[in-house]
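Student: The structure is given below, and queries will be raised subsequently.
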């Protein structure tokens, strides 16, 4: 029986003990392990399959962890995890108590920067390189960034600063022509053209290098250096990077381990900032992922033999699905609706809109800040921009929301997907801060639906009933399964909906935690209490008349929210009680996410661990009531 080489690798030291001819077999074994584990627990399969050989070559040449590898986003780092002491626990990937799906500094000394968002690697790596220089240390720093992430403004800022720094640092540009959805934009088209541009390599190998072999030739080369510079502008794929101060090398076949080992050895011993352009195929080695890299970018469990994703029976439409259909429904009636997303067309369910209204759809790439300011510009022309972003990515556009949209009260509709805890992807993807930071912006209307039917009415209200910025936030996953109203109706701004009257205790829930509030009320009723149940609907503004009545009528106000307690909905009610000078002030019992970064895992475990399961909520309420 052929020995499994991967069994002998516990760290990159073991990898470097192998001869290069053994590495393709290691790559094959890693792919088998990766496909097997992700098929059971889900994860970012296609990106990591595309970087197996690249990662092997990096760890083979660079002396990690002394040399620093800085991953961008990190969804392509599964091979990195397997090689750096986490092979035996790889089966716990993204599970509660298991290893993270992304690099985490707290998890391994090989993880140099905790990541999860795009475009951070170059800036982080440059900081490490400059810090190394200040401390007179001697090691390599390598940033690995995908071509999709390169469209992010932070990446371009990092490139600009790196080129002017003159420090020793290497950037690996992993070019697979994909981010999550297909890449868009001029930079992506520029990099794609490299794949068919053979002119410079032909000139260099057949003419230029030969000139350097003779004395006369060397003289000619020195005389035509300025002409060479002109030629480079016309035919060198990497002239853009060279103009920024980086030495460009490539493109290199990202699945040829020997070629990458040779070029990585060269850059390791070469001074100055360098960029190595590597061409890879997303999903490499698994035909289903190769043919549909978007589907297998982030995938749930699936049958590896057929590639079929395992779906939960009788799954209700997701909040995202309902948003996408409602957007199209309203856009058919209003030609002033335009839609914007940031490389997440499919995830935010804008695909149908993009096909039906291609001239009114804009995918700006991984550039959330630009998306928001771009929307402000569209709004100045009387259009109503609808921006769909994940909550955790909206954080990157906070300044643009304040400065470019809210300041001039532009009518921009923000549809914030994946709000609250999202589960397996962990702290970089939990949308637990949006209510807190958006609530601090003046003149913004904030809504959160308890079910998919309410989401439809909120979206209608956002378009027809608000004249400034408005935010609707909703969770990941399936809705409640309620029937959908045929006619859309307006909601009175800021006014909650009383579901059930009660005595002494009022449970006020916002968004998807309403279903948890219903269960809590049922348990309390069984214990002899009669709480009121209220769907807040709005986080901002808050109707003063309604809440003044509520605060005076009920002794205990219980709030539930799928958001950080710090600055969230419960805090808003506390602040309102102070503003209204209610005497005596009711006792507030607030339930929400802690002032801490919540780990990854299934939602049931995360809720229980943070005291947000129904039993824990009831126990605490009873304890406070005494």
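Readers should treat all values here as calculations from the given coordinates under stated rules, not as data from a laboratory. Bear in mind the structure is a predicted one, so any value in this text is a computation, not a measurement. All Cβ positions, even for glycine, are placed from backbone atoms using ideal geometry, and neighbour counts span all protein chains on display.
Student: Where a ≥ b ≥ c are the square roots of the eigenvalues of the C-alpha gyration tensor, would you call the range 241-365 rounded, which needs a/c under 1.5, or, failing that, prolate if a/b is larger than b/c, or oblate? Show your work: numbers first, answer last.
Tutor: Details: a/c = 3.96, a/b = 1.65, b/c = 2.40.
Verdict is oblate for the range 241-365.
Student: Shifting gears a bit: Sorted by average packing, counted as other Cβ atoms within 10 angstrom per residue and highest first, what order do 71-79, 153-161 take? Walk me through the intermediate numbers first.
Tutor: Details: 71-79: 27.0, 153-161: 18.7.
In descending order of packing, they fall as 71-79, 153-161.
Student: Angle, helix 368-379 long axis vs. longest principal axis of the chain, Cα atoms, 0 to 90°, nearest 10?
Tutor: Around 60 degrees separate the two axes.
Student: I'd like to compare 464-470, 529-535, 487-493: which one has the highest average count of other Cβ atoms within 10 Å, and what's the full order after that?
Tutor: Numbers: 464-470: 17.6, 529-535: 20.9, 487-493: 13.3.
Per-residue mean Cβ counts within 10 Å order the peptides as 529-535, 464-470, 487-493.
Student: Still on this structure, please answer the following. Given q = 0.10, 0.20 Å⁻¹, what are the Debye log10 I(q)/I(0) values for the range 497-625, with equal point scatterers placed on the Cα positions and solvent ignored?
Tutor: The computed values of log10 I(q)/I(0) come out as -0.29, -1.19.
Student: Another one. Mark the label point 7 Å from the Cα of residue 13 along Cα→Cβ and return the residues of the range 82-119 whose backbone N is within less than 13 Å of it.
Tutor: 85
Student: For Cα pairs less than 8 Å apart in space and 6+ apart in sequence, what is the mean separation divided by the residue count of the chain, i.e. the relative contact order in percent?
Tutor: Working: 1248 pairs, mean separation 72.1, N = 626.
The normalised contact order for the chain reaches 12 percent.
Student: Same structure again: DSSP beta bridges in the chain, what fraction antiparallel, as a percent rounded to 5? Don't skip to the answer; put the middle values down first.
Tutor: Details: 10 of 67 bridges.
Counting DSSP beta bridges with both partners in the chain, the antiparallel share is about 15 percent.
Student: Could you give the distance between the Cα centres of the range 283-304 and the range 63-114, to the whole Å?
Tutor: Spelled out, the Cα-based centre of one part sits 21 Å from the other.
Student: Considering only DSSP beta bridges with both partners in the range 391-540, what is the antiparallel share in %, to the nearest 5?
Tutor: Looking only at bridges with both residues in the range 391-540, the antiparallel portion is about 35 percent.
Student: Taking only the alpha carbons of the chain, what extent do you get along each of the three principal axes, in Å, biggest first?
Tutor: Cα extents, longest axis first: 96, 62, 51 Å.
Student: Using only Cα atoms and rounding to the nearest 10 degrees, what angle (0 to 90) does helix 569-579 make with the longest principal axis of the chain?
Tutor: 50 degrees
Student: Further question: For the range 319-473, which semi-axes, largest first and in whole Å, follow from the square roots of 5 times the eigenvalues of its Cα gyration tensor?
Tutor: Numbers: eigenvalues 80, 65, 49 Å².
Computed over the range 319-473, the values are 20, 18, 16 Å.
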